[in-house]
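Engineer: Got a structure for you, questions after.
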Amino acid sequence: QVQLVESGGGLVQAGGSLRLSCAASGNIFSNNVMSWYRQAPGKQRELVATITTDDSTNLADSVKGRFTISRDNAKNTVYLQMNSLKPEDTAVYYCRYYAAGNWRGGSWGQGTQVTVSS
């Protein structure tokens, strides 16, 4: 069982920046994948970014060049640096963890609200 606690959401004007954090605790496997998803009202949850323990990353096309995902394995924390924010980025952002090879399992964070005003 892994618990995830997200922080860093808030209200920001278009063009601004936010940094989200997700701290994991519990039975953490050394080889794992952590991801950020987001869900806007009335829309399906979408994958924003993912990162492995060895720092292989993937970003959604909509955020490439603006967002950066990173992690601190010693702190069991993943970050999402969001720059040049757009109103379309407004959503609840969720952190996800799963052990490598077990994508059907894992844990979800509670979500943190990001609101970008125009």
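The values are calculated or read from the model by the stated rules, or taken from the named source; none is laboratory data. Source: prediction; values computed, not measured. Cβ atoms come from the backbone with ideal geometry, glycine included; neighbour counts cover every protein chain shown. Each accessible area value is taken on the protein alone, full model and side chains, heavy atoms only, with ligands, DNA and RNA left out. Shrake-Rupley method; radii C 1.70, N 1.55, O 1.52, S 1.80 Å.
Engineer: How large, in percent, is the carbon and sulfur part of the accessible surface of the chain at a probe radius of 1.4 Å? The partial results should precede the final answer.
Structural biologist: Working: 2920 of 6340 Å².
On the chain, the fraction of accessible area on carbon and sulfur atoms equals 46 percent.
Engineer: While we're on this one: Would you mind computing, in nm to one decimal, how far apart the modelled labels at F29 and S118 are, each placed 7 Å from Cα along Cα→Cβ?
Structural biologist: Reported label-point gap for F29 and S118 is 4.4 nm.
Engineer: If I build a Gaussian network model for the chain, linking alpha-carbon pairs within less than 10 angstrom, which residue out of A99, A23, A74 has the largest mean-square fluctuation?
Structural biologist: A74
Engineer: Okay, next question. Measuring from centroid to centroid over Cα atoms, what is the spacing of segment 74-118 and segment 1-54 in Å?
Structural biologist: 2
Engineer: Can you check what the net charge comes to around G15, using other residues whose Cβ is under 15 Å from the Cβ of G15 (Lys, Arg +1; Asp, Glu -1)?
Structural biologist: On the way: positive: R66, K86; negative: E88, D89.
So the surrounding residues net to 0.
Engineer: Something else about it: Dividing the Cα convex hull volume of segment 1-70 by residue count, how many Å³ per residue is that? Intermediate results must be reported in sequence, preceding the final value.
Structural biologist: On the way: hull volume 8.0 nm³, N = 70.
Considering the Cα atoms of segment 1-70, their hull volume per residue is 114 Å³.
Engineer: When the chain is modelled as a GNM with alpha-carbon springs shorter than 10 Å, which of G42, G16, G101 fluctuates the most?
Structural biologist: Among G42, G16, G101, the largest mean-square fluctuation in the Gaussian network model of the chain belongs to G42.
Engineer: Largest first and to the nearest Å, give the Cα extent of the chain along each principal axis.
Structural biologist: Taking max minus min along each principal axis of the Cα atoms, the chain gives 41, 26, 22 Å.
Engineer: Any idea of the accessible area per residue across the chain, 1.4 Å probe, to the nearest Å²?
Structural biologist: Here the residues of the chain average 54 Å² of exposed surface.
Engineer: Pop the C-beta distance of N83 and S56 into the FRET formula with R0 = 25 Å and round what comes out to the nearest 0.05. Intermediate values should be presented prior to the final figure.
Structural biologist: On the way: r = 21 Å, r/R0 = 0.85.
Calculated transfer efficiency: 0.70.
Engineer: Let me ask something else about it. Can you compute the charge dipole magnitude of segment 46-118 about its Cα centre, using +1 on each Lys and Arg Cβ and -1 on each Asp and Glu Cβ, nothing else charged? Give it in debye, rounded to the nearest 20. Before the final figure, lay out the partial values.
Structural biologist: Values: 7 positive and 7 negative charges, 22 e Å.
In total the dipole reaches around 100 debye.
Engineer: Could you report the accessible area of R66 in Å², rounded to 10, computed with a 1.4 Å probe on the protein chains as they sit in the structure?
Structural biologist: 30
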